[in-house]
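Let me begin by presenting the structure, written as structure tokens, before commenting on it.
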Ligand code: GLU
């Protein structure tokens, strides 16, 4: 690392002690940027890195609510409004017991570059709570969301900050959050949240977008190298929104998804996963993936979800959570002949796993590029809301596809320009950085 990136990284670690995932996300971006600072001293002169790593605003708040038994509960709520150089803060809300300020900052930091890559006018932000929706009744989730929004509503707006879903926040939660926002503001401000229901301002394809986008960019990268997805064996971790729709699209393209997982374990079905059943278990019943065995006793279940990477496959799509694939897992995949890894989740590979994947010349698409389809389609939802319009599935799907192809082209071209051909990590980091950094210079020291 250059003295500039090293100096700022040291400062980040000192100023944000104990936030391991945040340090990891910053370091991963910084590692790509040295060639930029060598060529263009202007970014250092304008203190771009020092400003980039510091969120514009961080909000931490109490979220009190009452459970079904009448007990008072208190969770912690977060919104990190990270960077607004390119547009209103944009990024999801995560409800999961692991959420803390360091996690939200890592996600918010990644979101800045991811959103820049989409080419849409959206800044970066992220939020959430350590609330665990698992095992909660609908009424409890509703009361929690209402309490969360009672505070959050002061900080967001369609031109200020536009949250959406992430882990633990789907259509149900967005509905409760929107209802409370509308009630507090006495305003039908559709563009304040994305991922809304289709009858009340949501966009077609938003549900499918992250998973579909992941497969579109993977397809493009492989096509560029004359490889087809047809008949490839695919392992996908997770069985949430990203995993399910990645599985759907890649199956449509002729591949065979043989394993999926949830936080309790993984499922291996050699003849191919029955996705409609997974959808029913996960989306309709909010159940556990193990229930799949009731219909398919020939499938195998193992209760250590991270062991999913021991299954031999051609394509691995980590779509669960951060650091879910470590060096041992990556090595197993490599030993088993994997050809491509695409990150549906945010930062699912540890730095050691990334190194292995790169050293072994796999086709590797980092999350900032690979999972940008969700937020890109959120931006398309905002456009429709601003126009009081709704577009057809095909129109949105085509736009999503062209955004994903553009991200691939952009990141590849920038990687080549900086002498790191085929390194999409460097390409995505540099391409995203340049857009944000140039806007920050244009807008002065703010
Ligand atoms: N949570 C998603 C992401 O990580 C989507 C964010 C959004 O749609 O604003 O990009």
Original post:
In segment 374-384, is there at least one residue being within 16 Å of the ligand (Cβ to nearest atom), under 17 Å from residue 320 (Cβ atoms) and outside any helix (DSSP H, G or I)?
Top reply: no
Original post:
Among the residues of segment 98-114, which ones are assigned to a helix (DSSP H, G or I) and either out of contact with any strand residue (DSSP E or B) (no Cβ under 7 Å at 6 or more places or on another chain) or within 8 Å of the ligand (Cβ to nearest atom) (or both)?
Top reply: 102, 103, 106, 107, 110, 111, 113, 114
**OP:** Name every residue in segment 325-337 that is at negative phi and surrounded by fewer than 24 Cβ atoms within 10 Å (Cβ to Cβ), in order of residue number.
**Re:** 326, 327, 328, 329, 331, 332, 334, 335, 336
Original post:
How many of the residues in segment 279-298 are touching a strand residue (DSSP E or B) at 6+ places or on another chain (Cβ under 6 Å) and loosely packed, with under 14 Cβ neighbours inside 10 Å?
Top reply: 0
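Could you list all residues from segment 157-177 that are in a loop (DSSP other than H, G, I, E, B), within 12 Å of the ligand (Cβ to nearest atom), within 18 Å of residue 381 (Cβ to Cβ) and in contact with a strand residue (DSSP E or B) (Cβ under 9 Å, 6 or more places away or on another chain)? So that I can check it myself, show each step before the final result.
Here is the first cut: in segment 157-177, the ones in a loop (DSSP other than H, G, I, E, B) are 158-160, 165, 167-168, 170.
Add one more test, that the residue is within 12 Å of the ligand (Cβ to nearest atom), and what stays is 165, 167-168, 170.
Imposing the further condition that a residue be within 18 Å of residue 381 (Cβ to Cβ) reduces the set to 165, 170.
Hit for segment 157-177 is 165, nothing else.
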**OP:** Among the numbered conditions (1) within 13 Å of the ligand (Cβ to nearest atom); (2) surrounded by 24 or more Cβ atoms within 10 Å (Cβ to Cβ), tell me where residue 191 comes up short.
**Re:** (2)
Subject >> Output for segment 40-56, where each listed residue is loosely packed, with under 14 Cβ neighbours inside 10 Å and touching a residue at least 60 places away in the same chain (Cβ under 8 Å) >> reply: 42, 47
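So if I check each of 125, 135, 202, which one is outside any helix (DSSP H, G or I) and touching a strand residue (DSSP E or B) at 6+ places or on another chain (Cβ under 6 Å)?
Details: 135 fails: touching a strand residue (DSSP E or B) at 6+ places or on another chain (Cβ under 6 Å); 202 fails: touching a strand residue (DSSP E or B) at 6+ places or on another chain (Cβ under 6 Å).
One residue alone meets the criteria, 125.
Look at segment 400-414 and say how many of its residues are more than 14 Å from residue 217 (Cβ to Cβ) and either part of a loop (DSSP other than H, G, I, E, B) or in contact with a helix residue (DSSP H, G or I) (Cβ under 6 Å, 6 or more places away or on another chain) (or both).
Taking segment 400-414 as the starting set, the residues that turn out to be more than 14 Å from residue 217 (Cβ to Cβ) are 413-414.
If we keep only those that are either part of a loop (DSSP other than H, G, I, E, B) or in contact with a helix residue (DSSP H, G or I) (Cβ under 6 Å, 6 or more places away or on another chain) (or both) too, we end up with 414.
Going through segment 400-414 one residue at a time, the tally reaches 1.
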Original post:
Out of curiosity, is residue 390 assigned to a helix (DSSP H, G or I) and in contact (Cβ under 8 Å) with a residue 24 or more places away in the chain?
Top reply: no
Original post:
How many residues are under 18 Å from residue 430 (Cβ atoms) and not in a helix (DSSP H, G or I) when one looks only at segment 1-56?
Top reply: 6
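Read-outs throughout are calculated quantities, based only on the coordinates presented, and are distinct from any laboratory measurement. Values in this document were obtained by computation on a predicted structure and should not be read as measured data. When we count neighbours, we look across all protein chains shown, and the Cβ atoms used for this are built from the backbone with ideal geometry, even at glycine.
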